[in-house]
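Scroll down for the structure; my scribbles are underneath it.
The values are calculated or read from the model by the stated rules, or taken from the named source; none is laboratory data. Computed from a predicted structure; not experimentally measured. A quick note on method: Cβ atoms are made from the backbone with ideal geometry, for glycine too, and the neighbour counts reach across all protein chains shown.
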């Protein structure tokens, strides 16, 4: 039975791929820890005004939302402590460090 379902799934995927023109195919990111961290990181950069919002094509600050996103990444770090691979921990720590420094600068807590 599982083989039959897998074959049906493969056929459906091929059919879907054939229906989409080459330039419209979506690229799926790898299924790993960075796929969880990077969307929060990117959104925080956008809300800090450090990156352009790809949908609105503007740069605007929302420090409250940026802080919330940073807090979510901090929560993720706290809850996964001791369970991450070395490179995953380094990625999360580096992202948090960069965001916290940028937030403090934008909120005029520090001056760089």
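For the reader, a short list of remarks on this structure follows.
- Whichever residue in segment 1-28 is surrounded by 10 or more Cβ atoms within 10 Å (Cβ to Cβ) and assigned to a loop (DSSP other than H, G, I, E, B) and, among such residues, is modelled with the lowest pLDDT: 20
- For segment 57-76, a tally of residues being buried (at least 16 other Cβ atoms within 10 Å of the Cβ) and over 11 Å from residue 103 (Cβ atoms) returns 2.
- Residue match in segment 39-55 (condition: part of a helix (DSSP H, G or I) and loosely packed, with under 14 Cβ neighbours inside 10 Å): yes
- Of the criteria (1) more than 27 Å from residue 31 (Cβ to Cβ); (2) assigned to a helix (DSSP H, G or I), which one residue 91 fails: (1)
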